[in-house]
Structures are given as structure tokens and as C-alpha cells.
Amino acid sequence: MRFKDIILAIATGILSALLLLIIMWMLVDIFIKGAEPFLVEGLKVLVANPVLSPTAKTYGGIGPMLYGTFLIVGFSVLMGLPIGFFTGLYLYEKEDSKFAKICRSFLDMLVEAPTICYGVVVYFTLVLLTRTEAAIFSSLCLTFILVPYIAIQTCDVLKTLPPELKETCYSLGLGTWRTLWVLIRACSRALVANIMVSIARILGETGPLLITALQVAYWGPWIFEPFTRNAPALTTFIYFAAFSPFSNIEALGWAACLVLTLITLTLFVIARIIMRSR
Amino acid sequence: MKTRLASFLLTIPALVSLGLVLYFLLTLVVYSIPAFATGSVITYPPSLPSIYGSIVISVIAVILAAIFSISLAIVINEFLPPVLDDIVSTLIDMMAAFPTVIFGLWGLLVFSPYFRKYVEYPLYKYLGFLPPFSYPPVEPKSALLTGVVLGIMVTPFATAVIREAYRAVPIEIRETVLSLGGGKWEIVKITLSYIKEAIIGGLTLSFGKAIGETAAVAILIGGVSWFCPLTAPCNAIPALIANRIQYAMMKPELIHVFAALALILFALGSGLLFIVKKIIRGARI
């Protein structure tokens, strides 16, 4: 190795190591500080209500936020996944039609849109009209994010298949549905992995939730009630924990970070394993 | 007949998606027209400082992302053994899917004190005569801190693009350089100039991510609307919208201002990426 090469290796190595160290620092912090409420209260943290009192000796838990996140994300996946997936199939199947091209370029434009913009649109057209912040509107925002993402991913994954496969299916006399079914099965792993990563993505959304669902710490008496009024969620709780003067809420915020990290990590690792095992 | 029915049924979800897209775009445009017509988007006091703040923090983030992602791409492809390479790549990819609000909480509660003590304070002490560093770093929140945390946050997006482009460079180029007596330095130089477009694309992507980020920015920036020095609390469009959109319930004219700001944000984030994608695709053909 010559002098120049050594300089290059050292400089890029130090910069990369710096970034990796910062990332590790953050992950370690999340695990250490997030584990504290769990060590004191056990798994009750996952179901209990938070204790919102400056003199409290106990932490309480993040039960309502966990449940709120599952409902908001679950409902938006229920709405967005079929629409996005079948749009992706359409974009692949009718690749050459004019309508599909228009559709594709619009979706391309929106796929990386700032998510707060969706929040603004939903806020002005629904929240202001009904005069209520509700979890159902947050679900709608997340659907907006999910649909272009899944549609484009689905279309792109299908495009990686050899075109001969599609031609063979049609030449064997299979119908459109049967052909698509064969194609989907051929790349089902990549499709499932992409869907899992996009769910992990909307799990971490905060901006739209902040303005359309606001923040409450408790869950109503009826199981679906917050769908029509203010709702708790993990991400918004972390946001408010950052501003909270109470140390127990701050600790619960770290616990929420830990839970969110673990869920995201699990989804991501499962997606990786699905992609790798062949 | 059956094929007809199938294609008709497939058209429905596509129509629904297009409907969602148009609903989004039309709402933004229609609601923001009055603000552009009357100029209230300019005259609303916090809006210009927020646009300035958004651009400043995103530029800091992109500069950091450029430094980090290019060196990561070089290290991963040139120096690391395959086993480590896989681990580092997976870790970086994972950070791309990481909830951004956690960066905000961690940045404020853990990173900010160290950053203030070891970066902002020396900058103020030794470079304080320069306008960007002229504000004493007395607050835990500042534009520089936000930019740096955003830079760490958006690096994975740029890295993914640049790394894959780097990997896809034909091996003949490497062989040619080696046969001419070049070393790693020459290989890296030529490869980087070969993937210029991918680098620009990846950095534009991370710019869009940085400028559209809400939660981390709203936590870290401080929410003070002025044309701030780097070490002072500042404001950004997403933070302004998230903090103040409830005021639109009382003052209906603010609806148009916020819609216009959201449209500007959309144009800066997505629009720029869209244009760059088109240009790059054209250049490659």
C-alpha cells in the first residue's frame, strides 16, 4: 500500500467508525434507559396507565399508547395494503397503458413526500370540518403514506421477474388472475419483506399523528372509542416525553422508545431473514 | 370476457390510488391559492424565517450525509472483509427504517449537552466573530444541533443508494486502473466520478428526507422564528406547522398560510427529488 492509499483508508475508516459509534451510542442508550421502568415494574409497563404526577414514586406504564399505535397502524394497513398491492399489480400488468403511466408518475412524485403534508391535508379537510381530532384521521394519513410506497415496491419487485415467465403463463392459456397468482408466488418472499419494511416505516410516523390525533395518555372505556376522539400513540408519547418536566414520564418515554425499537427491529430482521433464506 | 373483467377489476384500486393522490395535491393547491394571491404567506411573520431555517438545517444535514455516506460506501466496498461488510450494511439499512422521533428524544436528552460542550462552545469561543457562530450556545436546542442529528438520521438513505451504485460499477474499470499501476486511491477516484449521478440522487433523497422531517426537528429546533445564527434556536416549516396548526381553528386565514407552507415544503422535498430523478434518468440514456 502506498502513502495515499493509507491516508484514504484511515480517513474513510475514521469517518465511518464515527457514524457507527454514534448509532451504537444511541442504541445502547435506548436499551439501558428504556429497560429501567421494566426492571422496576416488570411487564406491567406494557399494560398499565402512566402515572401523571410530579410526586409519583411509581412509573405506571405505556399500555394505552401501545394499544393506540396498534389500532392506528393496524387500521391503516387494513385500508392501505389492499389498495396499494392491487395498484402495484395494475401498474405491472398494464405497464404500457397511458393511464398506468400517469398513475405511476403521480405515485413516484408522492412516495417521498414530507409526511407532515398529508397531516395538513387531512387536518384541513376533515379535522377542521368535523372539529374533532381522532385516531381514524391518523389512520387515513398513514394510509396516504402506505399506498404509493407499497404500490411502487410491488410493481418493481414483479418487474425483476424474467418476462418469459409471464409469457409462458399466457401461452399456456392461463387467465389474468392465474398468471398474476403464479407471478406473485414466484416473488412472494420479496413482496412480504417489502410490506413488512413499509409497516415498520409507518409505525415510526409522528408528524401527522401529532396534528390529527393530538395526545392523551388514557384510553376510553370502550375499546374502539378513541377512533372518534383524541388518541394516544407511542410516537406522540415520545414526542411529549421529550418536553416533559417529570422524570417518570421521561423514563416512560425511553421505555416507549425501547418498545418501538424492538418492534421495528423485529419487523426488519424478519424481513431480512425472509429475503435471505432461499 | 374473463380477461376484460379482470382488467376492469384491477383498474378499481388504481383509480382509488389516483383519487387519493389527486385529493392530496388538489387540496394543497386549492387551499394555498389565496395565500399566494394575497401574499399572506410572506407577510405571516414566522413563515420566511421558517423557510430559511428549514433550508439551513437540511443543507447541514446533507453536507454531513455526503461526508458519512461516501466514506461508508468506500469502506464497505474497498476495505472491509465480507462478513463485517454485511453486518455494517444491515445496521445502516436498519437505521433507515428507524422511528425518527427517537432521534429527537435522544438528541435532546443525551446528545445535546455533549454537543454544546464540545462543539458549539469551542465554535463560539474561537469563531464567534463570524456571524453564523455569534450566538452564545446557552440553549440546549439549536439549528446546528438539529442539522447534525438530521445528518446522522438521513445518512442511511444516501448510503444505500451510493453503496449499491458503487457495487454495480463494472469490474473492468477496476482492472484497468490496476493494470495501469494505480492503487486504491485511483480506483476510488475513478469509481466516484463514475457514479456521480447516483451520489447526487442519493443526496437529493436525503435532502428531501431531512427537510420533511417533523418530530425530530420539532423537538430539537426550539421554535423561535428569526433569521438565526447556527448556534441559536431557530424554526422550520414542519415544526411551525406541527406547533401552530391548531391556531387555524380560530383564525381561518391561517388555513391558507399553512397550506401554502406545506406546498412549499412538498415542492422543496418531493418536487426536487422528482426533477433530479428525471434528469438523471435522461442523462443515463
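Here are some notes:
- Look at the stretch B:4-11: the mean tally of other chain Cβ atoms within 10 Å of its residues' Cβ atoms is 5.
- Out-of-range pairs (alpha-carbon distance over 25 Å; input A:Lys98/B:Lys277; B:Lys141/B:Lys196; B:Lys209/B:Lys251; A:Lys166/B:Lys209; B:Lys117/B:Lys196): B:Lys141/B:Lys196; B:Lys209/B:Lys251; A:Lys166/B:Lys209; B:Lys117/B:Lys196
- Amide proton proximity set for A:Gly60, modelled H, under 5 Å, gap of 5+: A:Val51
- Within chain A, the proportion of Cα pairs with more than 28 Å between them is 50 percent.
- Net length available on complete extension from B:Lys125 to B:Ala168 is 10.9 nm, with 0.36 nm assigned per residue and the Cα-Cα distance removed.
- Between A:Leu43 and A:Leu128, the C-beta separation translates, for a Förster distance of 45 Å, into a calculated FRET efficiency of about 0.65.
- Label point distance in nm, B:Met250-A:Leu52, each placed 7 Å from Cα along Cα→Cβ: 2.1 nm
- Under the span-like rule (Cα at least 20 Å along the axis, Kyte-Doolittle mean at least 0.0), DSSP H helices of chain A: A:3-41, A:63-93, A:135-159, A:188-203, A:247-276
- Mean partner shielding of peptide A:8-14, defined as the number of other chain Cβ atoms within 10 Å of each residue Cβ, is 6.
- Relative contact order, percent, the range B:57-236 [alpha-carbon distance under 8 Å, six or more residues apart]: 38 percent
- FRET efficiency, B:Ile190 to B:Thr90 (Cβ-Cβ, R0 25 Å, nearest 0.05): 0.35
- Given charges at Cβ of Lys, Arg, Asp, Glu: the protein assembly as shown dipole, positive-most of B:Ala248, A:Thr154, A:Leu21: A:Thr154
- Reachable lysines, given that their alpha-carbon falls under 18 Å from the alpha-carbon of A:Lys33 and they are not under 8 places away in the same chain: A:Lys44, A:Lys57
- For B:Ala232, the amide hydrogen comes within under 5 Å of the amide hydrogens of B:Ala143, B:Leu144, counting only partners 5 or more places away or on other chains and with H modelled in the peptide plane.
- All C-alpha pair distances within the protein assembly as shown, sorted into 20 Å bins from zero, spread as 20, 54, 25, 2 percent across the bins.
- A simple spin-label model places the labels of A:Ala186 and A:Glu95 1.1 nm from each other, with each point 7 Å out along Cα-to-Cβ.
- Shape category assigned to the range A:7-165 from the gyration tensor of Cα positions, a/c cut at 1.5: oblate
- Counting only DSSP H runs of at least 4 residues, each contributing -39500 (n - 2.57), and dividing by the residue count of the protein assembly as shown, the helix-based mean residue ellipticity at 222 nm comes to -23500 deg cm²/dmol.
- Across peptide B:231-241, the average count of Cβ atoms from other chains found within 10 Å of a residue's Cβ is 2.
- Spacing of the modelled spin labels on A:Thr168 and A:Ser244, each 7 Å from Cα toward Cβ, amounts to 5.8 nm.
- Relative contact order %, the range B:1-155, counting alpha carbon pairs below 8 Å whose residues are six or more apart: 36 percent
- Most to least packed among A:127-134, B:265-272 [average Cβ atoms within 10 Å]: B:265-272, A:127-134
- Contact order relative to length of chain A, as percent, for alpha carbon pairs under 8 angstrom and 6 or more apart: 27 percent
- Unpartnered cysteines - no second Cys beta carbon under 4.7 Å - across the protein assembly as shown: A:Cys103, A:Cys117, A:Cys141, A:Cys155, A:Cys169, A:Cys187, A:Cys257
FYI, it's all coordinate maths here, none of it is from the lab. This is a predicted model, so every value here is computed, not measured. Cβ coordinates were reconstructed from backbone atoms using ideal geometry, including for glycine residues, and neighbour counts include every protein chain displayed.
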